[in-house]
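Derivation of every value follows stated rules applied to the coordinates shown; laboratory data play no part. Every value quoted in this text rests on a predicted model; they were computed, and no experiment measured them. Note: ideal-geometry Cβ built from the backbone for every residue, glycine included; neighbour counts use all protein chains shown.
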Amino acid sequence: MTSRERVHATLRKERRDHLACMPITMMFAADCLGVKYRQYAADYRTLVDAQLKTAEQYGFDHVSAISDPAREASDCGAKVQWFEDQPPAILEDNALLVDKATLAHLRPPDPGEGKRMQDRILGVESLRRSAGSDKFVEGWVEGPCAEGADLRGINRLMIDFSDDPPFVEDLFEFVTALAIQFARAQIEVGADIIGIGDAAASLVGPRIYQRFVLPYEKRLVEAIHANGGRIRLHICGNTRRILASAAELQCDFADVDYPVSMAEARQLMGLDQVIAGNLNPIRDVREGTPKSIFEQLKNCHEQAGSNYIVAAGCEIARGTPPANVLAMSAFAQNTGQN
């Protein structure tokens, strides 16, 4: 069974030879290739080489185009600060929509017009071509809350939820339409699955999530499914209060970060939801040992049940010992689905 077949079988809830292993790697992958992170995030060819090498060296079942959350915002005109060996960052104090009136005149960029979104599209296309039918290929978009925060500024957005709901709705309409277009372009060039990163959603309570965020996430999920893609929902942080609602999205699988136990996630999301995670990337993975990682993954699998994918709660951290990462794939390869 190839890696791609294994992940497809997992998401279809069919029998497979062993558990799939799909941890998120970004800075870890750049370091694996021996390149500065700026190069990894700015040039799809470097990202592709790093992902292919990392997946091969560590036995992962997928390769991913994820690099940073600033691609869509950058193409919209947001100011982004670049660093030599760290991910680029949105300048919160000088966000594109500090003046809310700017939204009325903002036009969604074409993902294929030669900027950072196109670089990701080219990356997905190259990953598909290089991985062939062996590896599962993952594209990525920002979710409505995360992208809204990138354009408006996270602190301003949190206030807008109560002070100006119509503006939030207009903003989420804009970013969701852009995410749908961006996701479609990645599916067209070979993405098997689209990761939706919506980290900012972990900062809101269930009322705001259900009122503002969930409807737009649902629209995005439905559009990706309609275009033949699958969805990986990634909301890092403490998602305990919104997991039950997030299960309504019917994503193909959802990452669960370490603040929520796997047992609780399974109870909140239901038996049919495929879930991944949820080791603490620092305490458990980087600072752990192969033996402790094996035991923690065993506990996660027992709590999650058969619909489980091996991963950490979030990105594998830079500086994680190779033996610790290999322990994750070894656990997957030595563990049946039940």
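Note: relative contact order over the stretch 217-338, using C-alpha pairs below 8 Å and six or more positions apart, is 23 percent. Compute the longest continuous run of the chain that contains no exposed chymotrypsin sites (Phe, Trp or Tyr not before Pro); treat a site as exposed when its DSSP state is not H, G, I, E or B and it has at most 15 other Cβ atoms within 10 Å. Within the chain, the longest run free of exposed chymotrypsin sites (Phe, Trp or Tyr not before Pro) spans 84-338. Springs join every pair of Cα atoms under 10 Å in this Gaussian network model of the chain, and among 234, 225, 105 the largest mean-square fluctuation is at 105.
Work out the count of Lys pairs in the stretch 19-333 where the Cα-Cα distance is under 24 Å, with the pair 8 or more places apart or on different chains. Display every interim value, and only then the final one.
Numbers: 36/53; 36/79; 36/115; 53/135; 79/100; 79/115.
Close lysine pairs found across the stretch 19-333: 6.
Stretching the chain fully between residue 244 and residue 295 yields a gain of 15.6 nm (0.36 nm per residue, less the alpha carbon separation). With each label modelled as a point 7 angstrom along the Cα→C-beta vector, the residue 82-residue 264 pair spans 4.1 nm.
Would you work out the charge dipole size for the stretch 183-338 about its Cα centre, treating the Cβ of every Lys and Arg as +1 and the Cβ of every Asp and Glu as -1, and quote it to the nearest 20 debye? Intermediate results must be reported in sequence, preceding the final value.
Details: 15 positive and 16 negative charges, 58 e Å.
Here the size comes out at about 280 debye.
Once the Cβ-Cβ distance between residue 104 and residue 188 is put in as r, and R0 is 51 Å, what FRET efficiency do you end up with, to the nearest 0.05? Before the final figure, lay out each step's value.
Numbers: r = 30 Å, r/R0 = 0.60.
About 0.95, to the nearest 0.05.
Between residue 94 and residue 283, the simple spin-label model (points 7 angstrom out along Cα→Cβ) gives 3.8 nm. In this structure, the amide hydrogen of residue 91, modeled 1.01 Å from its nitrogen in the peptide plane, lies closer than 5 angstrom to those of 79, 81, counting only residues at least 5 positions away or on a different chain. Here the Karplus relation 6.51 cos²θ - 1.76 cosθ + 1.60, evaluated at θ = phi - 60°, turns the backbone of the stretch 139-152 into coupling constants of x, 7, 9, 8, x, x, 6, 5, 6, x, 5, 5, 7, 9 Hz, with x for every Gly and Pro.
Along the stretch 64-81 the Karplus relation, 6.51 cos²θ - 1.76 cosθ + 1.60 evaluated at θ = phi - 60°, assigns HN-Hα couplings of 9, 8, 5, 9, 5, x, 9, 5, 5, 4, 4, 5, 6, x, 5, 7, 10, 9 Hz to successive residues, with x for each Gly and Pro.
Per-residue ellipticity at 222 nm from helix content only, as computed over the chain with -39500 (n - 2.57) for each DSSP H run of at least four residues, stands at -14000 deg cm²/dmol. Sequence-distant contacts, meaning Cα pairs under 8 Å at least 6 residues apart, place the relative contact order of the chain at 19 percent. Annotation: extensible slack from residue 272 through residue 129 equals 48.3 nm (criterion: 0.36 nm per residue apart, minus Cα-Cα distance).
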